[in-house]
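Here the structure comes first, spelled out in structure tokens, and everything after it is commentary.
The values are calculated or read from the model by the stated rules, or taken from the named source; none is laboratory data. Since this is a predicted model, take the numbers as computed values, not measurements. So basically every Cβ, Gly included, is an ideal-geometry build from the backbone, and we count neighbours across all protein chains shown. Only protein heavy atoms, including side chains, enter the accessible area calculation; ligands, DNA and RNA are left aside. Shrake-Rupley method; radii C 1.70, N 1.55, O 1.52, S 1.80 Å.
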Amino acid sequence: MPTDPPAPLSERIRAIPYFTNNLAPSLRAFWIHYSDRVRVDEFMCDDLARLAPEDSVLRASPNSPTPRAVVLDRNGILLGTIEQSDSAPRALDAMNPNPQTIRPDMTPRLAKKLLSSNPYLMVTTAKGKYLGRYVPED
């Protein structure tokens, strides 16, 4: 039976960061601690209203931040964000189910790059637990 040829060395070397990030998280955590780099969690705040999927959505004032609220399950997992004052009765119907997220140990440089195409960033753990929203440094 035919098989694929082995990947060239350049392709295997290019895959090392993905291996480190996904399959060897302890190496990644050691490097982040050792390098003492500035992280996103230093620029986050938790000032948004928290809603359950079945909660009702109230009308927003004109000064409301974007997003206005986060929708969380009972374990604190981010399900979505409320951005607009919709006439939807439930948070589950009014939420954006796919907000841009970032991990707390990522760099502000990456956050800035993501903010160029997204209005806001939500900070979550790798398992989706909501930690706060990223507030860009001035």
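Points worth noting:
- Number of the exception - E54 against (1) modelled with pLDDT of 90 or more; (2) under 21 Å from Y134 (Cα atoms): (2)
- Look at segment 96-112: where a residue is within 15 Å of I77 (Cβ to Cβ) and in contact (Cβ under 8 Å) with a residue 40 or more places away in the chain and a partner is open to solvent by 60 Å² or more (accessible area, probe 1.4 Å) and assigned to a loop (DSSP other than H, G, I, E, B), sitting 6+ places away or on another chain with Cβ atoms under 7 Å, you get R103/A126.
- A count restricted to segment 119-138 and to residues that are in a loop (DSSP other than H, G, I, E, B) and surrounded by 14 or more Cβ atoms within 10 Å (Cβ to Cβ) stands at 5.
- Selected residue (only one of L92, L58, L110, L79 is assigned to a strand (DSSP E or B) and hydrophobic (A, V, I, L, M, F, W, C)): L79
- Among the residues of segment 20-42, those identified as at pLDDT below 75 and open to solvent by 90 Å² or more (accessible area, probe 1.4 Å) are N22, L23.
- The single condition among (1) modelled with pLDDT under 90; (2) assigned to a strand (DSSP E or B) that V71 does not meet is (1).
- Selection of first residues in segment 26-46 that are free of Cβ contacts under 8 Å to residues at least 40 places away in the same chain and more than 19 Å from A111 (Cβ to Cβ) and of second residues that are in a helix (DSSP H, G or I) and among the charged types (D, E, K, R), restricted to Cβ pairs under 7 Å at least 6 apart or on distinct chains, gives an empty result.
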